[in-house]
There are 2 protein chains.
Amino acid sequence: MYSMYEDLQKRLSPKRFTHSLGVAKTAVLLARQYGVDEETAYIAGLAHDCAKELPLPIMQQVVNEAGLLIDPYMLASTALLHGAAGAVVAANRYGIDDEDILEAIRVHTTGKVGMTTLEKIIFLADYIEPSRTYPAVTAIREATKEGLNQGVLAGYNSTISLLIRQNSSIYFKTVLGRNDILQEIMDGR
Amino acid sequence: MYSMYEDLQKRLSPKRFTHSLGVAKTAVLLARQYGVDEETAYIAGLAHDCAKELPLPIMQQVVNEAGLLIDPYMLASTALLHGAAGAVVAANRYGIDDEDILEAIRVHTTGKVGMTTLEKIIFLADYIEPSRTYPAVTAIREATKEGLNQGVLAGYNSTISLLIRQNSSIYFKTVLGRNDILQEIMDGR
């Protein structure tokens with residue numbers, strides 16, 4: 001763990017490293033609250049953006065060399081691809097072999113249908129860690145007080161709304177993930 | 001045509017009939033502007049909601065008897081299913097055999113990837129016909145002044161934003177349709 005911490009501190013921009021540490025610490029708090037192993041949450045949180053600052057062609061090379069099947073929407077976007085690339089980097093460079101952690105890193109930006117509690121925690125911590133200051137963050141923090149799923153839903157909603165305001169494409173799997181968490185809430189799960 | 005007009009006037013609620021007539025007239029104006037046959041647009045506009053007031057089980061029966069393959073999300077929702085059911089009713093009850101019209105009726109609520117100009121016209125006229133008064137209508141009318149695709153995009157965006165505010169499921173094919181029209185705009189088509 002020590003080596004990953006130092007390596008990330010050296011390789012990421014100061015802002016990104018502070019963010020990663022914030023996600024790790026927030027993930028630990030959520031893990032404690034929702035019965036997930038705290039060290040697992042910490043590692044996943046710290047590592048989640050390990051590929052975020054790679055150029056797109058390098059991200060593409062990383063996932064291609066790992067033999068991953070990535071759809072063309074994701075393959076064309078650093079915003080979408082850095083999770084999948086990050087899971088490969090976390091495994092190859094930092095020796096993380098816990099599949100639960102790697103999957104939480106992989107889906108932390110897009111979300112997906114049927115997220116585990118750990119995956120929800122990393123997804124949500126990424127939105128609400130203390131250094132975040134974008135306009136919707138207050139609403140997402142408030143929603144998180146109602147529950148993990150409510151926080152995750154608010155995160156999805158803020159991203160979709162932002163993409164609409166920005167005239168950007170909306171990744172359809174993110175919408176499927178949002179509908180799925182909405183259904184979980186409706187079902188009282 | 002006369003018989004469909006009278007039949008719809010008799011069978012639809014006054015508000016729905018006024019709306020249908022508004023869509024037909026707005027569709028004619030857009031058809032003139034964008035080089036589509038005006039009578040075709042009128043018929044599609046008048047007929048577009050012909051199944052909207054049927055109960056869900058009847059809509060389901062209509063599409064099942066027609067042998068249509070409908071995904072489970074659409075099959076569970078009158079909001080999504082009334083287009084597909086309407087295309088069947090338009091064909092069977094009103095004898096409409098123009099496949100372009102039937103497809104415009106089928107996709108008028110959900111949208112789809114690769115809409116024809118007629119399909120865009122009915123989709124958009126449904127949002128902006130004169131009797132519409134919901135909050136976002138002004139923005140969609142304004143966007144329509146910039147172009148057909150801009151109006152369609154604004155319509156998609158208003159629906160997705162409304163579904164987020166309502167805590168309702170977002171139909172993923174609507175998101176794919178929105179991304180597609182956004183790409184058309186970006187490409188300058």
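The values are calculated or read from the model by the stated rules, or taken from the named source; none is laboratory data. Please read all numbers here as calculations on a predicted model, not as lab measurements. Neighbour counts are summed over all protein chains in view; Cβ atoms, including those assigned to glycine, are modelled from backbone coordinates with ideal geometry.
Within the stretch A:66-83, can you find the residues that are surrounded by fewer than 24 Cβ atoms within 10 Å (Cβ to Cβ) and part of a helix (DSSP H, G or I)?
Residues satisfying the conditions are A:PRO72, A:TYR73, A:MET74, A:LEU75, A:THR78, A:ALA79, A:LEU80.
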message = For the stretch B:132-156, which positions are more than 14 Å from B:TYR34 (Cα to Cα) and part of a helix (DSSP H, G or I)?
response = B:VAL137, B:THR138, B:ALA139, B:ILE140, B:ARG141, B:GLU142, B:ALA143, B:LEU153, B:ALA154, B:GLY155, B:TYR156
key: Neighbours by Cβ (under 7 Å, 6+ apart or cross-chain): first from the stretch B:161-189, at the interface with another protein chain (Cβ under 8 Å from one of its Cβ atoms) and touching a residue at least 40 places away in the same chain (Cβ under 8 Å); second of a type in the set (A, V, I, L, M) and exposed (fewer than 14 other Cβ atoms within 10 Å of the Cβ)   = B:LEU176/B:VAL113
query = Does A:THR117 satisfy being crowded, with 23+ Cβ neighbours inside 10 Å and within 20 Å of A:ALA143 (Cβ to Cβ)?
reply = no
request  = Specify the residue that is farthest from A:THR110 (Cα to Cα); the eligible residues are those in the stretch A:168-189 that are assigned to a loop (DSSP other than H, G, I, E, B) and modelled with pLDDT of 95 or more.
outcome  = A:SER168
ask   = Within the stretch A:122-131, is even one residue away from chain B (no Cβ under 14 Å), part of a helix (DSSP H, G or I) and farther than 23 Å from A:THR18 by Cβ?
value = no
remark   = The condition from (1) more than 12 Å from chain B (Cβ to nearest Cβ); (2) within 21 Å of B:ARG178 (Cα to Cα) that A:THR138 misses is numbered (2)
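Results for (1) surrounded by fewer than 20 Cβ atoms within 10 Å (Cβ to Cβ); (2) of a type outside the set (Asp, Glu); (3) at pLDDT 95 or above, shown as yes or no for each residue.
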{"site": "A:TYR34", "(1), (2), (3)": "yes, yes, yes"}
{"site": "A:ALA41", "(1), (2), (3)": "no, yes, yes"}
{"site": "A:ALA47", "(1), (2), (3)": "no, yes, yes"}
{"site": "A:ALA51", "(1), (2), (3)": "no, yes, yes"}
{"site": "A:ASP97", "(1), (2), (3)": "yes, no, yes"}
